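Novice: Right, I'll just put the structure down here and ask away after.
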Amino acid sequence: MKALFTNTYESEFVKNEIAKPTPKKGEVLVKIHASGVNPIDNKIRLGLSPYASPILPAILGTDLAGVIEEIGEGVTDFKVGDEVYGLAGGVLGLQGTLAEYTAVDADLLAIKPKNLSMKEAAGIPLVLLTAWEGLIDRAKVQKGDKVLVHAGAGGVGHMVVQLAKIFGADVYATVSSQKAEIVKSYGATPIDKNTTVDDYVNQYTNEKGFDIIYDTIGGQAFDDSLKAIRHYGQISSCYAFGTHTLATSSLRNASIHDVFVLRPMIGNEGRKHHGDILKETTKFIEEGKLKPLIDPRKFTLDNAMEAHKAVSDNSAIGKIVIDIT
């Protein structure tokens, strides 16, 4: 099979021909049709994520959509020919998805939504799972909650917004003025990202603060979340990697939840939960309640480096996806 290798950090991808893998017990062999690109993929390539980086040389790529071609021992939930998607590799010892085939732990996969293309499906897993873990598993969103999403038109953000609406929340999202229509289309109220915390807390919550805040940016957005949360509210963040003073939220008795979506792959714990979440997601998508925002540009294994650059230069409108076949 053809695969892209990262031989040294910050280097160009190198295309090689290698043997097609054979699925082990509990695994399936997937012919990959599309590979989603996330900011973490680019950080791994640059050597900026030591907690997730595989030993080089390695095949990177985390998300996939494809077709099962072979079933390993003990797998009963899938059959040859099933179209699947999932957050499947590209970290530590797991082969990534910038290749024509991969052998994947079946627990990480779910049947692809019938109404999505392979490209659309490949743009979902990492951002959806990150959104779900922070909003539903941790913050336990309820009908009527006032939910604020920082960067609501971003990869994780646009999934949080849609999930919050599905669960009956009243949703607000900070965005640039150019992307306000995106969050409006999901039924959320856009808040210009330059608006002060005091102004939007006063305007939309009567100075009480939001019930749930999902921070997808980190830095100042996380600090803003500490000030915008209500007493006993819930803050989830997938980017709280900086140094922060928690006094503001501590005085409000707020709960803070960290989300590291790669943990099941890295630690081999909770993998089935990821597959189960994607099964629920498939239902929402097929019912027309949730849809991915996919950047329209065409990327392949031949220009995959350009896809990584598009993730880092902020030119993307929605998820970047690489077509493999």
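The values are calculated or read from the model by the stated rules, or taken from the named source; none is laboratory data. Predicted model, so just to flag it, every value in this text is computed and none were measured. Heads up, the Cβs are rebuilt from the backbone with ideal geometry, glycines too, and the neighbour counts pull from every protein chain shown. Each accessible area value is taken on the protein alone, full model and side chains, heavy atoms only, with ligands, DNA and RNA left out. Shrake-Rupley method; radii C 1.70, N 1.55, O 1.52, S 1.80 Å.
Novice: What is the magnitude of the charge dipole of the chain about its Cα centre, with +1 placed on the Cβ of each Lys and Arg, -1 on the Cβ of each Asp and Glu, and no other charges, expressed in debye to the nearest 20? Numbers along the way, then the final one.
Specialist: Details: 35 positive and 40 negative charges, 67 e Å.
Charge dipole of the chain: 320 debye, to the nearest 20.
Novice: Can I ask one more? So how tilted is helix 155-166 from the main axis of the chain? Cα-based, degrees 0 to 90, rounded to 10.
Specialist: The angle comes out at about 60 degrees.
Novice: Across the Cα atoms of region 126-178, what radius of gyration and what greatest pairwise Cα-Cα distance (Dmax) are found, in Å?
Specialist: Considering region 126-178 through its Cα atoms, Rg and Dmax are 10.2, 31 Å.
Novice: Run lengths n ≥ 4 of DSSP H only: what is the helix-derived mean residue ellipticity at 222 nm for the chain, with -39500 (n - 2.57) per run over all residues, to the nearest 500? Walk me through the numbers before you get to the answer.
Specialist: Details: 11 runs with 91 residues, N = 325.
Taken over the chain, the calculation gives -7500 deg cm²/dmol.
Novice: Suppose R0 equals 45 Å. What FRET efficiency, 1/(1 + (r/R0)^6) with r the Cβ-Cβ distance, do Leu246 and Asn7 give to the nearest 0.05? Mind showing how you got there, number by number?
Specialist: On the way: r = 41 Å, r/R0 = 0.92.
FRET efficiency, Leu246 to Asn7: 0.60.
Novice: Here's another thing I want to ask about it. For region 257-297, what mean projected area does the convex hull of the alpha carbons give, in nm²?
Specialist: Details: hull surface 18.5 nm².
Seen from a random direction, the Cα hull of region 257-297 projects 4.6 nm² on average.
Novice: Between Asn42, Asn194, Asn253, find the one with the highest GNM mean-square fluctuation for the chain; connect C-alpha pairs within less than 10 Å.
Specialist: Checking each option, the largest mean-square fluctuation is seen for Asn194.
Novice: Let me ask something else. Place +1 on the Cβ of every Lys and Arg and -1 on the Cβ of every Asp and Glu in the chain, take the dipole about the Cα centre, and give the residue among Val147, Leu56, Pro125 whose Cα lies farthest towards its positive end.
Specialist: So the residue furthest toward the plus end is Val147.
Novice: Then there's this: What is the percent of Cα-Cα separations in region 72-137 that go past 14 Å?
Specialist: On the way: 1381 of 2145 pairs.
For region 72-137, the share of Cα pairs beyond 14 Å comes to 64 percent.
Novice: Another question, then. With the contact rule set at Cα under 8 Å and sequence spacing of 6 or more, what percent relative contact order holds for region 218-325? Working shown, then result.
Specialist: Numbers: 102 pairs, mean separation 19.7, N = 108.
18 percent.
Novice: Right, next: Rank Glu73, Glu280 by accessible area, highest first, at a 1.4 Å probe radius?
Specialist: Numbers: Glu73 130, Glu280 70 Å².
The most accessible residue leads, giving Glu73, Glu280.
Novice: Another question, if that's okay. If you restrict to DSSP beta bridges whose two residues both lie in the chain, what percentage is antiparallel, to the nearest 5? Numbers along the way, then the final one.
Specialist: Numbers: 29 of 53 bridges.
DSSP beta bridges in the chain are roughly 55 percent antiparallel.
Novice: Ignoring ligands, DNA and RNA, what percent of the 1.4 Å accessible area of region 131-257 is carbon and sulfur? All intermediate terms of the calculation are to be shown ahead of the outcome.
Specialist: Working: 2590 of 5650 Å².
Solvent-exposed carbon and sulfur of region 131-257 make up 46 percent of the total.
Novice: Evaluate E = 1/(1 + (r/R0)^6) for Lys140 and Lys79, where r is the Cβ-Cβ distance and R0 equals 35 Å; express this FRET efficiency to the nearest 0.05.
Specialist: Numbers: r = 35 Å, r/R0 = 1.00.
That pair, Lys140 with Lys79, gives E of 0.50.
Novice: Sticking with this structure for a sec: Based on the Cα coordinates of the chain, what is the per residue volume of their convex hull in Å³? Mind showing how you got there, number by number?
Specialist: Numbers: hull volume 39.7 nm³, N = 325.
Considering the Cα atoms of the chain, their hull volume per residue is 122 Å³.
Novice: Determine by what factor the alpha-carbon radius of gyration of region 74-191 differs from 2.2 N^0.38 Å, reporting the quotient.
Specialist: Its radius of gyration relative to the 2.2 N^0.38 Å reference: 1.23.
Novice: Could you list, bin by bin from short to long, the percent of Cα-Cα pairs of region 167-325 in 5 Å steps?
Specialist: Percent of Cα pairs in each bin: 2, 7, 12, 15, 18, 18, 15, 8, 3, 1, 0.
Novice: Follow-up question, since we're still on this one. Can you bin every Cα-Cα distance in region 1-45 into 5 Å intervals starting at zero and give me the percent of pairs per bin, rounded to whole numbers?
Specialist: Spelled out bin by bin, region 1-45 gives 5, 16, 19, 23, 21, 13, 3 percent.
Novice: Then there is this: Average the reciprocal distances over every distinct pair of alpha-carbons in region 23-145, invert the result, and give the Kirkwood radius in Å. Provide the component values of the computation, followed by the final result.
Specialist: On the way: mean 1/r = 0.0666 Å⁻¹.
Taking every pair of different Cα atoms in region 23-145, averaging 1/r and inverting gives 15.0 Å.
Novice: In Å², and per residue, what accessible area does the chain have when probed at 1.4 Å with the other protein chains present?
Specialist: Numbers: 13870 Å² over 325 residues.
Using a 1.4 Å probe on heavy atoms only, each residue of the chain averages 43 Å².
Novice: Moving to a separate point now. Of Gly242, Gly152, Gly123, which has the largest mean-square fluctuation in a 10 Å C-alpha GNM of the chain?
Specialist: So, out of Gly242, Gly152, Gly123, the one fluctuating most is Gly242.
Novice: Additional query: Label Glu69 and Lys298 with points 7 Å out from Cα along Cα→Cβ: what is the distance between them in nm?
Specialist: Roughly 2.3 nm, to one decimal.
Novice: Relative contact order, percent, of region 53-186 when contacts are C-alpha pairs under 8 Å separated by at least 6 residues?
Specialist: Details: 220 pairs, mean separation 25.9, N = 134.
19 percent.
Novice: Now for a different question. Which listed residue (Ala106, Gln178, Met159) has the Cα farthest towards the positive end of the charge dipole for region 71-194, taking +1 on Lys and Arg C-beta and -1 on Asp and Glu C-beta about the Cα centre?
Specialist: Gln178
Novice: When only Cα pairs under 8 Å and 6 or more residues apart are kept, what is the percent relative contact order across the chain?
Specialist: Values: 772 pairs, mean separation 60.7, N = 325.
Relative contact order of the chain: 19 percent.
Novice: Now for a different question. Computed over the Cα atoms of region 46-92, what is the ratio Rg over Rh, Rh following Kirkwood?
Specialist: Here the Rg-to-Rh quotient is 1.10.
Novice: Cα-Cα over 29 Å: which of Lys25/Lys165; Lys119/Lys272; Lys179/Lys272? Let's see the in-between values first.
Specialist: On the way: Lys25/Lys165 39 Å; Lys119/Lys272 23 Å; Lys179/Lys272 35 Å.
Beyond 29 Å: Lys25/Lys165; Lys179/Lys272.
Novice: At a Förster distance of 45 Å, what's the computed FRET efficiency of Lys289 paired with Glu17, Cβ-Cβ distance as r, to 0.05?
Specialist: Working: r = 42 Å, r/R0 = 0.94.
Efficiency, rounded to the nearest 0.05: 0.60.
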